[in-house]
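Report on the following structure.
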Amino acid sequence: PGFFFLLEMAAIRFPHREAVIDEFGVLTFRQLLEEAEGLAICLRERYEIGPGAKVGLIFSNHRGFILSLAAVTRLGGDVMPLPPRLGKAQWESLLQGRRVDLLIHEAEVSHELDFFPSKMEWHPGTHSRGRLPRVTRPGQLVVLTSGTTGVSKGIRRNPKLEEVLPVTWGLWEGLPLALHRPMVLAIPLFHGYGLATLALSLFLGSPLRLARRFDIETLLSRPGPEAPVLVTVPTLLWRWLQKQSDVPALAGIITGSAPLTPSLCEKILEKVGPKLYNLYGSTEAGVVSLASPEMLQWSPGCVGRPLPGNEVRLRPAQAEVGEIEVRGPLVLQPGEDGWRRTGDLGRFDEKGSLLVCGRSDSMIVSGGENVYPHELAEVLERFPRLADS
């Protein structure tokens with residue numbers, strides 16, 4: 001039943017607790033559910049959205065995205081989150097050849113979407129009254145890949161409960177998560193990483209702090225009764241450290257979606273203590289592995305060990321550095337042997353933690369030697385006067 005089911009359960013368990021804090025104010029879990037139901041009625045009456053409909057979402061990080069996602073899946077429609085910071089030509093190219101019955105979008109991008117015939121501009125309070133029908137087919141999530149081959153593909157995500165439980169349990173045990181602990185999101189909601197964080201916040205009854213601009217200092221400036229968990233990416237952490245002298249109290253920092261260089265890892269651990277966690281995964285493979293603060297202290301920048309239910313190997317098997325292949329319940333479209341190639345290069349350290357060494361398609365052969373640009377960048381970034389590489 002997906003995100004709407006999670007929202008319903010959260011509204012029953014924690015009706016009066018804060019669910020979303022964004023530019024429009026604060027919504028409790030009950031208010032979030034009521035607004036999602038009202039939007040679902042509006043979509044059904046005005047646009048005939050129902051089971052099997054395909055709906056694209058174009059939103060920055062605020063409640064409009066969450067409400068639209070919940071409303072469409074409640075009606076049995078399939079949701080395709082789209083990047084909000086594109087231009088007309090890019091959206092036109094992205095949507096070409098895809099069957100999309102409706103685009104729901106924020107007002108700021110209206111002038112760029114005149115090419116699309118069926119669209120709805122979302123505003124706070126967009127809803128209708130009425131009754132919602134029973135739906136036997138839950139809506140599915142279609143997440144776009146990063147498009148490293150030049151064309152983004154739509155990956156359907158509708159895993160079964162028994163498939164999700166082992167990985168979820170591994171995340172619960174390994175990450176600084178707790179019931180009602182605030183989560184600060186400094187990554188796009190439309191991305192798989194952001195969607196996973198949203199699902200966790202609904203499951204845990206945790207208030208989710210959002211902003212259009214992924215500025216960590218601004219997002220952490222709102223005081224609260226409990227230290228939050230910061231969910232972000234390495235680049236934003238680097239920018240934050242450049243201008244931040246006093247670090248506010250944090251329960252933990254979770255990073256992923258991009259390589260965490262050893263030098264940045266060491267700087268963060270020095271600044272915040274053993275509170276940094278590094279995730280590794282992809283749209284096609286889900287969350288693959290997790291590095292704890294202890295692992296990062298021993299092997300800065302590593303991505304740790306596979307989460308329960310997952311397996312990782314290198315190809316060729318005996319190589320010091322090889323292509324990372326994964327196998328597990330959330331891996332989509334594996335090969336005949338059950339393993340999926342990631343396109344990432346990696347190696348294992350002395351304690352069995354996985355380190356990502358870059359992409360297989362970026363390796364350079366120089367004088368018969370394999371040269372990995374990612375490893376060169378890690379060395380260069382240790383020079384104190386070099387800002388980035």
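Check off (1) in contact (Cβ under 8 Å) with a residue 24 or more places away in the chain; (2) surrounded by fewer than 17 Cβ atoms within 10 Å (Cβ to Cβ) for Asn310 and give me the number that stays unchecked.
Looking at each condition in turn, Asn310 falls short on (2).
In a strand (DSSP E or B), touching a helix residue (DSSP H, G or I) at 6+ places or on another chain (Cβ under 6 Å) and at negative phi: which single residue out of Leu279, Leu290, Leu260 fits that description? Working first, answer last.
Values: Leu279 fails: touching a helix residue (DSSP H, G or I) at 6+ places or on another chain (Cβ under 6 Å); Leu260 fails: in a strand (DSSP E or B).
The match here is Leu290.
Collect the residues in segment 320-355 that are open to solvent by 30 Å² or more (accessible area, probe 1.4 Å) and more than 21 Å from Met295 (Cα to Cα), keeping them in residue-number order.
The answer is Arg327, Pro329, Leu332, Gln333, Pro334, Gly335, Glu336, Asp337, Arg340, Arg341, Thr342.
For Leu132, which of the numbered conditions (1) open to solvent by less than 60 Å² (accessible area, probe 1.4 Å); (2) in contact with a Pro (Cβ under 6 Å, 6 or more places away or on another chain); (3) modelled with pLDDT under 95 fails to hold?
With respect to (1) open to solvent by less than 60 Å² (accessible area, probe 1.4 Å); (2) in contact with a Pro (Cβ under 6 Å, 6 or more places away or on another chain); (3) modelled with pLDDT under 95, Leu132 is out only on (2).
Residue by residue through segment 343-367, note down the ones that are on the phi < 0 side of the Ramachandran plot, more than 26 Å from the chain's Cα centre (by Cα) and not in a strand (DSSP E or B). If you could, list the steps in order and put the result at the bottom.
Our first condition is that a residue be on the phi < 0 side of the Ramachandran plot; within segment 343-367, this holds for 344-351, 353-357, 359-366.
Imposing the further condition that a residue be more than 26 Å from the chain's Cα centre (by Cα) reduces the set to 349-351, 363-366.
Passing the criteria: Asp349, Glu350, Lys351, Met363.
Go over the candidates Ile104, Ile58, Ile49, Ile66 one by one and state the one that is more than 23 Å from Ala196 (Cα to Cα), in contact with a helix residue (DSSP H, G or I) (Cβ under 9 Å, 6 or more places away or on another chain) and among the aliphatic types (A, V, I, L, M).
Going through Ile104, Ile58, Ile49, Ile66 in turn, the sole match is Ile49.
Here is a yes/no grid of residues against (1) out of contact with any strand residue (DSSP E or B) (no Cβ under 9 Å at 6 or more places or on another chain); (2) modelled with pLDDT of 80 or more:
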{"site": "Arg327", "(1), (2)": "no, yes"}
{"site": "Val331", "(1), (2)": "no, yes"}
{"site": "Asp344", "(1), (2)": "no, yes"}
{"site": "Arg347", "(1), (2)": "no, yes"}
{"site": "Ser353", "(1), (2)": "no, yes"}
{"site": "Cys357", "(1), (2)": "no, yes"}
{"site": "Asn370", "(1), (2)": "no, no"}
{"site": "Val379", "(1), (2)": "yes, yes"}
{"site": "Asp388", "(1), (2)": "yes, no"}
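Of the residues Val79, Val26, which single one is among the β-branched types (Val, Ile, Thr) and either in contact with a Leu (Cβ under 7 Å, 6 or more places away or on another chain) or surrounded by 17 or more Cβ atoms within 10 Å (Cβ to Cβ) (or both)?
Only one candidate qualifies: Val79.
State all residues of segment 314-330 that are outside any loop (DSSP other than H, G, I, E, B) and more than 12 Å from Leu355 (Cα to Cα); if no residue qualifies, say none.
Result: Arg315, Glu325, Val326, Arg327.
Take the conditions under 23 Å from Gln140 (Cβ atoms) and either without any contact (Cβ under 8 Å) to a residue 60 or more places away in the chain or of a type in the set (Phe, Trp, Tyr) (or both) and apply them to Ile58. Does it pass? Break it down stepwise before answering.
Details: under 23 Å from Gln140 (Cβ atoms): yes; either without any contact (Cβ under 8 Å) to a residue 60 or more places away in the chain or of a type in the set (Phe, Trp, Tyr) (or both): yes.
Considered against the rule, which asks whether it is under 23 Å from Gln140 (Cβ atoms) and either without any contact (Cβ under 8 Å) to a residue 60 or more places away in the chain or of a type in the set (Phe, Trp, Tyr) (or both), Ile58 comes out as yes.
Could you tell me which of the residues Ala40, Ala70, Ala36, Ala19 is assigned to a strand (DSSP E or B) and buried (at least 22 other Cβ atoms within 10 Å of the Cβ)?
Numbers: Ala40 fails: assigned to a strand (DSSP E or B); Ala70 fails: assigned to a strand (DSSP E or B); Ala36 fails: assigned to a strand (DSSP E or B).
Exactly one residue qualifies, and that residue is Ala19.
For segment 225-257, enumerate the residues that are open to solvent by less than 20 Å² (accessible area, probe 1.4 Å), without any contact (Cβ under 8 Å) to a residue 60 or more places away in the chain and either of a type in the set (Phe, Trp, Tyr) or not in a helix (DSSP H, G or I) (or both).
Pro228, Val229, Leu230, Val231, Thr232, Trp240, Leu250, Ile253, Thr255
Residues to consider are Arg13, Arg85, Arg74, Arg17; find the one that is among the basic types (Lys, Arg) and in contact with a His (Cβ under 7 Å, 6 or more places away or on another chain).
On the way: Arg13 fails: in contact with a His (Cβ under 7 Å, 6 or more places away or on another chain); Arg85 fails: in contact with a His (Cβ under 7 Å, 6 or more places away or on another chain); Arg74 fails: in contact with a His (Cβ under 7 Å, 6 or more places away or on another chain).
Of Arg13, Arg85, Arg74, Arg17, the one residue that is among the basic types (Lys, Arg) and in contact with a His (Cβ under 7 Å, 6 or more places away or on another chain) is Arg17.
Taking segment 258-303, which residues are open to solvent by 30 Å² or more (accessible area, probe 1.4 Å), closer than 17 Å to Gly192 by Cβ and polar (S, T, N, Q)?
Ser282, Thr283 - these are the residues of segment 258-303 that are open to solvent by 30 Å² or more (accessible area, probe 1.4 Å), closer than 17 Å to Gly192 by Cβ and polar (S, T, N, Q).
Here is a yes/no grid of residues against (1) at pLDDT below 90; (2) of a type in the set (Gly, Ala, Ser):
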site: Pro138; (1), (2): yes, no
site: Val142; (1), (2): yes, no
site: Gly147; (1), (2): yes, yes
site: Gly150; (1), (2): yes, yes
site: Gly154; (1), (2): yes, yes
site: Pro159; (1), (2): yes, no
site: Leu171; (1), (2): no, no
site: Ala178; (1), (2): no, yes
site: Met183; (1), (2): no, no
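Hey, can you tell me all the residues within segment 205-218 that are of a type in the set (A, V, I, L, M) and either touching a His at 6+ places or on another chain (Cβ under 7 Å) or open to solvent by 10 Å² or more (accessible area, probe 1.4 Å) (or both)?
Hits for segment 205-218 are Leu210, Ala211.
The values are calculated or read from the model by the stated rules, or taken from the named source; none is laboratory data. All of these numbers come straight from a predicted model, not from anything done at the bench. Cβ coordinates were reconstructed from backbone atoms using ideal geometry, including for glycine residues, and neighbour counts include every protein chain displayed. We work out accessible area using only protein heavy atoms, side chains counted, and drop any ligands, DNA or RNA first. Shrake-Rupley method; radii C 1.70, N 1.55, O 1.52, S 1.80 Å.
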